[in-house]
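Below is one structure, written out as structure tokens, with a few remarks after it.
Throughout, read-outs are computed from the coordinates displayed, never taken from laboratory work. Since the structure is predicted, the reported quantities are computational estimates derived from the model, not experimental observations. As a convention, Cβ positions derive from the backbone with ideal geometry for all residues, glycine included, and neighbour counts pool all protein chains shown.
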Amino acid sequence: MSYLFRHLDVVAQLSAEHVRLVGVSLLIALAIAVPVAIAITRRPWVGPPVFGVFSLMYTIPSLALFALLIPVFGLGFWTAVVGLAAYAQMILVRNTVAATGVDPAIVEAAHGMGMSAGQILWRVQRPLGMPVFIAGVRVATVSLIGIAAIAAWINAGGLGTLVLDGIEHDYPQKALAGALAAVLLAVVADQGLRMLERRLAR
Amino acid sequence: MTSLPTSRPISSAVPGLYRADAVGAPRGIRFDRVVKAYQPGQHVVDDVSLAVEPGRFVVLLGPSGCGKTTLLKTVNRLVEPTSGSVSIDGVDVSATEPVALRRGIGYVIQQVGLFPHMTVAQNVAVVPSLNGWPAERQQARVHEMLDLVHLPAEQFGARFPRELSGGQQQRVGLARALAADPNILLMDEPFGALDAIERTRLQGELIALQRQLRKTVLFVTHDVDEALRMADAIVVMRAGRVVQYGTPLEIIARPADAFVGELTGAGDLVRLLALMCVADVQLAQDGELPAGAAVIGLHADLRTALSAMLASGTTRLVVTNDAGAAAGTLTFEAMLQAARAAAEKPAP
């Protein structure tokens with residue numbers, strides 16, 4: 001623990017890097033996952049091939065995925081972002097599709113009253129599905145915080161740097177500091193998004 | 001297909017019921033040779049032609065799977081016919097924009113389909129708000145509609161649907177459907193999920209409401225008693241086809257075939273009596289009233305009259321008019337004769 005308290009500034013800076021890495025990856029992941037999920041709900045045949053590809057990506061170990069990306073994207077921040085965004089797809093798309101699955105009677109009533117497809121999405125499916133959607137974001141966020149620690153291995157920075165350094169220099173205190181900080185981040189993100197979920201479910 | 005074929009006026013499909021307008025566009029809802037097939041050769045709706053006059057309460061009656069709901073949904077284009085056309089006041093609905101069309105047609109379904117994340121007031125205001133009404137007008141309309149269905153806005157407006165009973169939810173569903181003042185109301189087994197007491201109560205309220213509002217109503221049910229009670233006219237359907245279209249009395253008194261007879265319990269004279277009223281019977285004019293005689297109103301139905309005869313142990317009832325004065329005497333024989341006559345010849 002001594003390392004953590006003596007180098008709070010370093011840990012804080014790496015935490016900020018970690019948050020940035022996860023945040024950017026998550027935003028990009030959402031920008032892909034939400035339209036894909038909407039496409040799946042409108043054209044159900046899109047679902048199986050998309051889920052097939054995403055679940056295949058999900059089964060690749062994260063270290064191996066990063067290794068596969070190096071020849072294409074090189075080392076660094078953006079390579080990690082690509083890998084993390086790919087990982088999040090499975091969780092986000094699945095939950096977003098589930099979130100649009102509101103009671104068919106409600107959707108039929110909405111159609112019958114003369115709501116357009118866009119209005120049904122925005123006025124009915126979005127508010128009703130929001131808690132499920134946020135749950136997906138929460139699970140994806142917590143997963144990415146964990147996987148992002150591995151991204152230090154491809155020079156993407158973040159708390160994984162402490163863990164790798166600690167192992168390399170046989171300095172367990174340093175590795176522990178990185179791990180603890182990552183756990184703390186994950187717990188804070190999880191609790192924060194849970195609160196949001198509960199508020200939206202009401 | 002944009003207009004009705006002139007060689008075959010649609011009103012000919014409904015002999016004795018309605019005459020086509022001589023001038024101007026035909027009013028009301030018209031189905032012209034409507035077919036719906038989800039798979040080739042399997043006609044869920046099979047060549048249906050019907051005319052529904054404005055302000056009429058028409059019930060689509062038949063066993064489940066007979067195509068009545070599918071036919072209903074062709075009116076607001078939730079279902080597109082495979083062939084044939086549906087028109088409203090002479091305008092082919094396939095030429096209209098579906099979203100605009102639906103905002104002008106009230107729609108009530110069995111599962112109600114209230115939006116669980118909106119309050120009762122917000123649910124009722126959905127179509128007015130889609131139509132861009134100013135907030136004050138929306139609010140005034142919500143109050144008016146909730147009063148109409150006996151759920152005062154002060155008490156119920158701020159509640160959420162899950163806080164209401166099934167019957168209350170369907171009242172909100174009805175208020176929501178009526179909020180933008182549509183001329184046409186489509187109701188798909190609206191009371192099917194309610195318990196018997198609530199169902200009877202809501203039927204009564206809908207009858208009273210319809211007397212006041214005079215909407216053109218298409219009402220789907222498989223409940224014969226509900227159909228007989230509510231309908232101005234009943235469309236009996238089987239296997240996608242219209243088997244008979246007539247008033248409740250015609251359907252009971254002169255079923256088109258054995259299927260209709262069995263479905264509606266035709267030949268059940270008590271059911272027939274329920275559809276006739278005291279005023280339909282030739283009353284005897286006896287002069288003075290026997291003291292303590294059983295009394296019945298001129299507008300009571302004959303089933304109630306029969307029940308009164310059985311209860312009082314007589315075959316004669318004193319009939320009173322709206323003012324409470326004696327209008328004559330109803331005899332069992334006259335009642336029997338009227339029922340038999342109705343069963344033998346079509347009602348006027």
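Some notes on this structure:
- Selection from A:G129, A:G160, A:A175, by position along the positive dipole direction of the range A:33-176 (Cβ): A:G129
- Simple spin-label estimate for B:Y38 and A:R6 in nanometres, 7 Å along Cα-Cβ: 7.3
- Computed FRET value (nearest 0.05) for B:A258 with B:A343, which takes r as the C-beta separation and R₀ as 22 Å: 0.90
- In plain terms, the residue of A:H18, B:H150, B:H43 with the fewest other Cβ atoms within 10 Å comes first and the most crowded comes last, giving B:H150, B:H43, A:H18.
- Fewest-first ordering of A:H169, A:H7 by other beta carbons within 10 Å of each residue's beta carbon gives A:H169, A:H7.
- Cut-off under 5 Å, modelled amide H: who pairs with B:T320 long-range: B:I296, B:G297, B:L298, B:A327
- Candidates A:A179, A:A110, A:A33, ranked by Gaussian network fluctuation over chain A, Cα under 10 Å, top entry: A:A110
- Under the combined filter of DSSP loop state and at most 13 neighbouring Cβ atoms within 10 Å, the range B:199-290 retains these GluC sites (Glu not before Pro): B:E288.
- For chain B, averaging the sequence separation of C-alpha pairs within contact (under 8 Å, six or more residues apart) and dividing by the residue count gives a relative contact order of 17 percent.
- Between A:L27 and A:T59, the simple label model (points 7 Å from Cα in the Cβ direction) yields a spacing of 3.4 nm.
- Once the C-beta distance of B:A196 and B:F160 is scaled by a Förster radius of 30 Å, the resulting FRET efficiency is 0.70 to the nearest 0.05.
- Annotation: extensible slack from B:D268 through B:A293 equals 6.2 nm (criterion: 0.36 nm per residue apart, minus Cα-Cα distance).
- Between the beta carbons of B:D232 and A:A179, assuming R0 = 51 Å, the FRET efficiency works out to 0.10 to the nearest 0.05.
- Karplus-derived 3J(HN,Hα), 6.51/-1.76/1.60, for each residue of the range A:39-56, Hz, glycine and proline x: 4, 5, 5, 7, 10, x, 5, 5, x, x, x, 5, 5, x, 5, 5, 6, 5
- Inter-site label distance for B:R241 and B:A325 at 7 Å from Cα along Cβ, in nm: 5.4
- Residue mean of other protein chain beta carbons inside 10 Å, B:114-120: 5
- Straight Cα distances below 15 angstrom link B:K215 to the aspartates and glutamates B:E53, B:D89, B:D181, B:E205, B:D232, with same-chain residues fewer than 8 positions distant left out.
- Under the criterion of Cα pairs below 8 Å and six or more residues apart, the relative contact order for the range A:2-201 equals 29 percent.
- Our coupling estimate for the range B:167-180, obtained by passing each phi through the Karplus curve with A = 6.51, B = -1.76, C = 1.60 and θ = phi - 60°, is x, 5, 4, 6, 4, 5, x, 5, 4, 5, 5, 8, 4, 8 Hz, Gly and Pro reported as x.
- Charges were assigned to the Cβ only: +1 to each Lys and Arg, -1 to each Asp and Glu. The resulting dipole of the range A:51-202 about its Cα centre is roughly 520 debye.
- Dipole orientation for the range B:20-114: of the candidates B:T70, B:S94, B:V48, B:T70 has the Cα lying most toward the positive pole (charges on Cβ; Lys, Arg +1; Asp, Glu -1).
- Proxy reagent accessibility, fewest Cβ within 10 Å first, across B:Y38, A:Y58, B:Y107, A:Y87: B:Y38, A:Y58, A:Y87, B:Y107
- Pairwise centroid distance, computed over Cα atoms, of the range A:105-157 with the range B:235-306, Å: 58
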